[in-house]
1. Restrict the check to the range 58-66 and report whether at least one residue is in contact with a Lys or Arg (Cβ under 6 Å, 6 or more places away or on another chain) and either farther than 19 Å from Phe123 by Cα or in the same structural domain as Ala119 (by the TED database) (or both).
2. Quick one: count up the residues across the range 39-60 that are of a type in the set (Gly, Ala, Ser) and at pLDDT below 95.
3. Among the residues of the range 98-135, write down those that are exposed (fewer than 15 other Cβ atoms within 10 Å of the Cβ), free of Cβ contacts under 8 Å to residues at least 12 places away in the same chain and in a loop (DSSP other than H, G, I, E, B).
4. Are there any strands (runs of 3 or more DSSP E) wholly within the range 1-62 with 2 or more residues that are farther than 30 Å from Ile117 by Cβ and either open to solvent by less than 30 Å² (accessible area, probe 1.4 Å) or touching a residue at least 40 places away in the same chain (Cβ under 8 Å) (or both), and if so which?
Amino acid sequence: MTLTVRVVSPDKTVWDAQADEVILPSTTGQLGILTGHAPMLSALDTGVMRVRATKNSNWQAIALLGGFAEVEEDEVTILVNGAEYGDAINLEEARQAYNESQTKLNQVAAGDRQAQIQANQAFKRARARFQAAGGMV
């Protein structure tokens with residue numbers, strides 16, 4: 001048996017295929033999904049989804065920008081704010097963006113809550129893209 005996995009962003013369907021296994025970045029940590037998983041709904045954090053496709057058994061990394069995942073009867077539906085295939089991301093550009101966002105996060109003033117939130121979101125996005133591209137594995 002396999003899972004039917006769909007990743008849908010506001011502007012397109014990013015992934016719609018059969019898979020043997022999915023690892024999701026939930027807000028409480030990594031969440032692994034195999035066939036026969038109990039029905040559930042989970043909030044997703046910005047991070048890397050890894051999916052092992054049935055047709056070639058290779059792992060595919062996809063950077064997700066938060067959303068929700070629903071699992072029911074071997075169907076995994078993932079609704080996200082944005083998504084990007086790891087192999088479509090330039091590793092060096094992602095590394096540079098990650099380093100810059102980390103520097104900015106460390107430089108934000110302690111009392112500026114709004115700037116801290118924005119810097120943290122930019123850092124999470126840059127980290128997810130960098131990891132999906134193959135950095136920090």
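The values are calculated or read from the model by the stated rules, or taken from the named source; none is laboratory data. What you see is a predicted model, and the numbers here were worked out from it, not measured in a lab. When we count neighbours, we look across all protein chains shown, and the Cβ atoms used for this are built from the backbone with ideal geometry, even at glycine. Just the protein is used for accessible areas: all its heavy atoms, side chains included, with ligands, DNA and RNA removed. Shrake-Rupley method; radii C 1.70, N 1.55, O 1.52, S 1.80 Å.
1. Among the residues of the range 58-66, at least one is in contact with a Lys or Arg (Cβ under 6 Å, 6 or more places away or on another chain) and either farther than 19 Å from Phe123 by Cα or in the same structural domain as Ala119 (by the TED database) (or both), which makes the answer yes.
2. At the first step, the residues of the range 39-60 found to be of a type in the set (Gly, Ala, Ser) are 42-43, 47, 53, 57.
Filter once more, so that each one left must be at pLDDT below 95: 53, 57.
Result for the range 39-60: 2.
3. Once the filter is applied, which keeps residues that are exposed (fewer than 15 other Cβ atoms within 10 Å of the Cβ), free of Cβ contacts under 8 Å to residues at least 12 places away in the same chain and in a loop (DSSP other than H, G, I, E, B), the range 98-135 yields Ala109, Ala110, Gly111, Asp112.
4. Values: elements: 3-8, 13-26, 29-33, 40-53.
Fully inside the range 1-62 and qualifying: 3-8.
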